[in-house]
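The values are calculated or read from the model by the stated rules, or taken from the named source; none is laboratory data. Source: prediction; values computed, not measured. So basically every Cβ, Gly included, is an ideal-geometry build from the backbone, and we count neighbours across all protein chains shown. These area figures cover heavy atoms from the full protein model, side chains too; ligands, DNA and RNA do not enter into them. Shrake-Rupley method; radii C 1.70, N 1.55, O 1.52, S 1.80 Å.
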Amino acid sequence: GSGDQIFARGKVAGRSGELVLNMSESTPSADAPGLPPVPSQCGTKSPVSVWRSSKGLCHADLHAMLEEDARSGLPTLLEEGRMQMPPARDVDVCTEPTPEDMRRRRGAAEYDVFLSHLQRNAQDAIISMQLFLRQARPGIKIFVDLDVDMEDGLMETLRRGVKNCRTFIFFITDGVLSSAWCAQELRWAVEMNKTIVLVRETDARHGGIDMKDFFLQVPEDLMPVFTNNIAIPWYREKGFRNVSLHTIIKRAHLADACMKETQKLRNTKRDIIAILKRSEQAATCFQVVGERSIALRIIIFVGGYAKFRRLWMQCVYDVVFTISFWICGALCAMNLLFRMVPYHVLPTDALTAYVHLPAWQSWVVWRRFVKSSCCDELLSKVLGCKRTALQMERALRLGGPLVLLLLIAMIADVLGGFAVPGTMQGMHSSENEPNFATVHAWVMWLTIPPMISAMFVSYLMFGFVATLHVLDIRAMKDVLSECVEPLRGYYDRPEVHGVNECYSPRSCSEQDSLAGITAERLQERQQQFMMEKHLFSTVASLMSTLVRDVQSRIDETCRAVSALWVHLVFFSICQVLAISGTLQAHATGSMPGEYRWWWACQDTFHLGCGVVLLATAMGVFAVVTVQLQEVPQFALDLLEEAGCPELRQASIASLLTSRRLGMHILGGSIFVDAPKAAVFFAIVGTLLLENVLRTLGGLDHVVS
């Protein structure tokens, strides 16, 4: 300092060590002519020189000391009368821009920072500042005259750089304002109302100058810039430099250029985690289906899958359904012994009695499945996405009436084949006491509707769960598209176009050596690689998590319904082959007796149910498998459109195809995909076609 000083020596204990303070005090005149109000940060203290003794300094204490040190010289100069301060209103300097100003500047800015400095004594400091700023805020764009082409001339290039920057950083060294270009750059920043951040060199060996001496070099028109802004000291020692750097970033309002993309990734990950959590609503598949379709609600109620709030009502409902279901099965099995109307042949009536076993298994399995966490998670995923929820609701509203019409037609066919014949025989019988055929017929009128409805709900659940998985895959594709957007935004930037061409270490080193790229450019390239690596690893992790979670839900579904699926497929094959063989026997005349009309109803029921169930069981599994197996290629297409390097695409492909995807049975040993479904239908269709041709040949023989 200068003037009358009182030296005090002492120690200040801090968190990380001890500081030795060399403090001086002076008493500036508050009535000095032309003296503007001194900001509260300055106080009345003169320079405070701070250095660290051993371990470091508390950031909060250091910030206060740095700001006080930055304004140290001005009160002394004013007190000594060696300079006059022009009013601050002569030049309008914006030190604290409003949020509206910041948004407007960010929208049109080409550079985040413009570094104005004197090359003679500040070149090394500016290089270091660039490096540390890019490390602290990866991806920011910095204008430095040495790194910019001057194709439009020096003046026009510098003026355009100041105009297109968000923040103007002026590095104070001895003689910086003696440079016409540095002074002109500062005047442009004032004229364009830029956010101005002052940083001063503290090392005298590199152009450092006391502020009281620097104010003597400041032109009068630029004096308000330095009186309305506190210069941030730039230290070369690591502990102090980090604090200086943090203060610069805070003053310059520097945000990470990739912060929006990173925040979007975080939001996407949070959405994924929230969607993957179990739903807090106590709703099952049957309740969701019933709320969106009255027709399906009727089918679910008749089929024994309804849920009541009161326990006693639920118990009565389950007991009534169970009793009626097994009475129907017992009577069908007993008719194998009595062989009364509507008895047909042993294969057909054995299938009629046996159909109750897979139907009951379906009833038990699906009631257990809709209460499982797997089903709850799947519903939460589909309902959590607005688009898939609307698609599911539309499918239920359109498919509900169609399924109800098919159910009514099937119930009418079964009643015609098993209840009407016995009823007609009982009405025309002269016996006073009812026989087994009459009892069988009247009981069928009551038990066939719930039994057939239970079978239809089983078919419906296969289709509905497969639809949920398909919608789950579509929702996953939407999230995949959102995950790739940060990469697209990164690769579209002009400054990172070299990442694709120089991705391999060999090409990067060769091109850099041939082009003579500077060390600063290599450091910038390395930072770009690190940022790209971070973004890509995050996106790859999210992609892998999405596919893995979708496949895990499919695995849970397959484990729950695999045994039922195998049983129903086996039973359906038996139905198709047995009924086609019976029709062939009737057509060729090898089976004695006239072919009754109710036998046609029975054969239609078994043959129709077998074909529909085979198509449902094999078809829906194959559709889900095909949809999921298309996801890796879909992800690669997204990455290619985003400009992702081929090596990155290959790593994603290997990651997503590390295991087989799709629906499977028998513990994952057999995946039901499109080729297997096609082969299966080809074999069954061949056997069925052979029986049809033999049947037609028998009919031709009978007619001739």
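Only one entry of 267, 242 meets the criterion of being within 40 Å of the chain's Cα centre (by Cα), part of a helix (DSSP H, G or I), modelled with pLDDT of 80 or more and surrounded by fewer than 21 Cβ atoms within 10 Å (Cβ to Cβ), and that entry is 242.
Identify the residue in the stretch 445-459 that is of a type in the set (Ser, Thr, Tyr) and modelled with pLDDT under 90 and, among all such residues, is most open to solvent (accessible area, probe 1.4 Å). Here the answer is 459. Of the residues 410, 444, 455, the single one that is closer than 28 Å to residue 321 by Cβ and touching a Ser or Thr at 6+ places or on another chain (Cβ under 8 Å) is 455. Residues in the stretch 203-212 that are in contact with a helix residue (DSSP H, G or I) (Cβ under 7 Å, 6 or more places away or on another chain) and outside any loop (DSSP other than H, G, I, E, B) were compared, and the one that is surrounded by the fewest Cβ atoms within 10 Å (Cβ to Cβ) is 206.
Which of the following residues is surrounded by fewer than 18 Cβ atoms within 10 Å (Cβ to Cβ), closer than 23 Å to residue 608 by Cβ and among the polar types (S, T, N, Q): 314, 361? That would be 361, the only listed residue that is surrounded by fewer than 18 Cβ atoms within 10 Å (Cβ to Cβ), closer than 23 Å to residue 608 by Cβ and among the polar types (S, T, N, Q).
Being open to solvent by less than 20 Å² (accessible area, probe 1.4 Å), part of a helix (DSSP H, G or I) and more than 30 Å from residue 559 (Cβ to Cβ) is the requirement here; does residue 414 meet it? So residue 414 fits the description; yes.
Go through the residues of the stretch 220-238 one by one and say whether even a single one is open to solvent by less than 40 Å² (accessible area, probe 1.4 Å), of a type in the set (S, T, N, Q) and not in a helix (DSSP H, G or I). The answer is yes, given that some residue of the stretch 220-238 is open to solvent by less than 40 Å² (accessible area, probe 1.4 Å), of a type in the set (S, T, N, Q) and not in a helix (DSSP H, G or I). In the stretch 658-673, the count of residues that are modelled with pLDDT of 90 or more, touching a His at 6+ places or on another chain (Cβ under 6 Å) and surrounded by 16 or more Cβ atoms within 10 Å (Cβ to Cβ) is zero. Listed residues 298, 327; which is more than 37 Å from the chain's Cα centre (by Cα), touching a residue at least 40 places away in the same chain (Cβ under 8 Å) and closer than 15 Å to residue 453 by Cβ? Answer to the check: 298. Residues of the stretch 417-435 include none that is within 56 Å of the chain's Cα centre (by Cα), open to solvent by less than 10 Å² (accessible area, probe 1.4 Å) and under 30 Å from residue 548 (Cβ atoms). Criterion applied to 685, 643 was being outside any helix (DSSP H, G or I) and either in contact (Cβ under 8 Å) with a residue 40 or more places away in the chain or out of contact with any His (no Cβ under 8 Å at 6 or more places or on another chain) (or both), and the one residue passing it is 643.
Does the stretch 386-398 contain at least one residue that is of a type in the set (D, E, K, R), surrounded by 18 or more Cβ atoms within 10 Å (Cβ to Cβ), within 26 Å of the chain's Cα centre (by Cα) and part of a helix (DSSP H, G or I)?
In the first step, residues of the stretch 386-398 are kept if they are of a type in the set (D, E, K, R); the result is 386-387, 393-394, 397.
The next check asks that each one be surrounded by 18 or more Cβ atoms within 10 Å (Cβ to Cβ); those that pass are none.
So far as the stretch 386-398 goes, no, none of its residues is of a type in the set (D, E, K, R), surrounded by 18 or more Cβ atoms within 10 Å (Cβ to Cβ), within 26 Å of the chain's Cα centre (by Cα) and part of a helix (DSSP H, G or I).
Does residue 608 satisfy the condition of being outside any helix (DSSP H, G or I), open to solvent by less than 80 Å² (accessible area, probe 1.4 Å) and not hydroxyl-bearing (Ser, Thr, Tyr)?
Numbers: outside any helix (DSSP H, G or I): no; open to solvent by less than 80 Å² (accessible area, probe 1.4 Å): yes; not hydroxyl-bearing (Ser, Thr, Tyr): yes.
When the stated conditions are applied, residue 608 does not pass them.
Of the residues making up the stretch 92-102, not a single one is surrounded by fewer than 13 Cβ atoms within 10 Å (Cβ to Cβ) and modelled with pLDDT of 85 or more.
Does the stretch 188-202 hold any residues that are without any contact (Cβ under 8 Å) to a residue 60 or more places away in the chain and surrounded by fewer than 16 Cβ atoms within 10 Å (Cβ to Cβ), and which are they? Scanning the stretch 188-202 gives 191, 192. Here the condition is being modelled with pLDDT of 85 or more, out of contact with any helix residue (DSSP H, G or I) (no Cβ under 7 Å at 6 or more places or on another chain) and surrounded by fewer than 15 Cβ atoms within 10 Å (Cβ to Cβ); of 509, 541, 513, it holds for 541 alone.
Residue 355 fulfils the conditions (1) open to solvent by less than 30 Å² (accessible area, probe 1.4 Å); (2) under 51 Å from the mean Cα position of the chain (by Cα); (3) over 19 Å from residue 582 (Cα atoms) except for a single criterion, (3).
As for the stretch 577-586, it holds no residue that is in a helix (DSSP H, G or I) and under 30 Å from residue 474 (Cα atoms).
Looking at the structure I just gave you, is residue 120 basic (Lys, Arg) and under 42 Å from the mean Cα position of the chain (by Cα)? Steps first, answer last, please.
Values: basic (Lys, Arg): yes; under 42 Å from the mean Cα position of the chain (by Cα): no.
Judged against the criteria, residue 120 is not a match.
When the stretch 611-631 is filtered for residues that are open to solvent by 10 Å² or more (accessible area, probe 1.4 Å), without any contact (Cβ under 8 Å) to a residue 60 or more places away in the chain, closer than 25 Å to residue 481 by Cβ and in a helix (DSSP H, G or I), the ones remaining, listed by number, are 626, 629.
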